[in-house]
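> Below you will find the structure I want to go over with you.
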Amino acid sequence: MIGRNMEKSTRVILALDVTSREDALRIVEACGEYIDAVKTNWPLTLAAGPAIITDISRMKPVVCDMKIADIPSVNSLIVEQAFSKGASAVICHGFPGEDSVRACVETAGGQAFVVSEMSHPGGKEFTAPVADRIAQMAREVGARGIVAPATRPERVAALRRIIGDLEMISPGVGAQGGKASDALRAGADYVIVGRSIYNAPDPREAARNIAEEARLAL
């Protein structure tokens, strides 16, 4: 199954970490006009089953975020399954090393984002010290792009200088304290927003507000 192309319209990716299939589909339908893609992670996949990737992919492109971090052969199997369900891209960790990352990238036909530095406070402990090297590796192996923290715009700017024209998706907007406008101005291509949208009283309005912030920033 071939996933949808991810456009650069609103620059907003919805991180959909709910645990109900019905809630997930309702939120995607409500927010569809204001998001470019949906990022699915383990909570929703374990709760609703892998078929939820297919269901959402019929509505919006899906970035399958399993934070893939295993040996090359296992990584390839995970990527194959994600794309067979309709994913448009996957996210893998960079710390397992070049061979593991390359397996993801090659199996994904280049449609893989590599986590360089995580957005939560603990990300400063272990991912931040090696983020520059991971970003360079992502470029060397032909990844689509990297994941960089919207919570630290200065790091977004620094990593942009390393990756050149690769794409950058930035989590941490909203509940973690990052601002969409700051991340985009620093060099991110997309911002990833979860709780601030799906936990909002009106997810559509929340998504619209972030998309408007992104539009004004660009």
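The values are calculated or read from the model by the stated rules, or taken from the named source; none is laboratory data. Here the structure is a predicted model, which is why all the values come from computation and not from measurement. Heads up, the Cβs are rebuilt from the backbone with ideal geometry, glycines too, and the neighbour counts pull from every protein chain shown.
> List pairs: first residue in region 32-46 and on the phi < 0 side of the Ramachandran plot, second residue of a type in the set (A, V, I, L, M, F, W, C) and part of a loop (DSSP other than H, G, I, E, B) anywhere in the structure, Cβ distance under 7 angstrom, at least six positions apart or on different chains.
That search, which allows pairs on different chains as well, returns 32/59; 36/6; 37/6; 44/18.
> Let me spell it out: the conditions are (1) outside any helix (DSSP H, G or I); (2) over 15 Å from residue 142 (Cα atoms), and residue 78 meets all of them except one. Which number is the exception?
(1)
> I've got another one for you. Does region 195-213 hold any residues that are surrounded by fewer than 16 Cβ atoms within 10 Å (Cβ to Cβ) and acidic (Asp, Glu), and which are they?
202, 205, 212 - these are the residues of region 195-213 that are surrounded by fewer than 16 Cβ atoms within 10 Å (Cβ to Cβ) and acidic (Asp, Glu).
> Could you check residue 78 against (1) more than 25 Å from residue 181 (Cα to Cα); (2) of a type outside the set (Gly, Ala, Ser); (3) crowded, with 24+ Cβ neighbours inside 10 Å and say which number it fails?
(3)
> So, residue 204, is that one in contact with a Cys (Cβ under 6 Å, 6 or more places away or on another chain) and either at negative phi or touching a residue at least 12 places away in the same chain (Cβ under 8 Å) (or both) or not?
Judged against the criteria, residue 204 is a match.
> If you don't mind, there's one more thing I want to ask. Counting only residues that are among the β-branched types (Val, Ile, Thr) and part of a loop (DSSP other than H, G, I, E, B), which one in region 1-44 is farthest from residue 193 (Cα to Cα)? Give the steps one after another, and end with the answer.
First, the residues of region 1-44 that are among the β-branched types (Val, Ile, Thr): 2, 10, 12-13, 18-19, 27-28, 35, 38, 40.
So of that shortlist, the ones also part of a loop (DSSP other than H, G, I, E, B) come out as 2, 10, 18-19, 35.
On the way: 2: 25, 10: 12, 18: 13, 19: 16, 35: 10 Å.
Going through the qualifying residues, I end up with 2.
> Of all residues in region 45-66, which are in a strand (DSSP E or B), modelled with pLDDT of 95 or more and either touching a helix residue (DSSP H, G or I) at 6+ places or on another chain (Cβ under 6 Å) or surrounded by fewer than 24 Cβ atoms within 10 Å (Cβ to Cβ) (or both)?
Scanning region 45-66 gives 62, 64.
> Output the residues belonging to region 11-22 that are over 15 Å from residue 53 (Cβ atoms), charged (D, E, K, R) and in contact (Cβ under 8 Å) with a residue 24 or more places away in the chain.
11
> Restricting to region 161-194, and then to whatever is assigned to a helix (DSSP H, G or I) and in contact with a strand residue (DSSP E or B) (Cβ under 8 Å, 6 or more places away or on another chain), can you tell me which residue is surrounded by the fewest Cβ atoms within 10 Å (Cβ to Cβ)?
Out of the qualifying residues, it is 163.
> A further question follows. Consider region 1-35. How many of its residues are touching a Ser or Thr at 6+ places or on another chain (Cβ under 7 Å) and modelled with pLDDT of 95 or more?
3
> Quick one: which residue in 202, 165 is of a type in the set (Asp, Glu) and touching a helix residue (DSSP H, G or I) at 6+ places or on another chain (Cβ under 9 Å)? It would help to see each step written out before you state the result.
Numbers: 165 fails: touching a helix residue (DSSP H, G or I) at 6+ places or on another chain (Cβ under 9 Å).
Sole residue among the options that is of a type in the set (Asp, Glu) and touching a helix residue (DSSP H, G or I) at 6+ places or on another chain (Cβ under 9 Å): 202.
> Under 15 Å from the mean Cα position of the chain (by Cα), buried (at least 20 other Cβ atoms within 10 Å of the Cβ) and farther than 24 Å from residue 200 by Cα - does that describe any residue in region 31-41?
no
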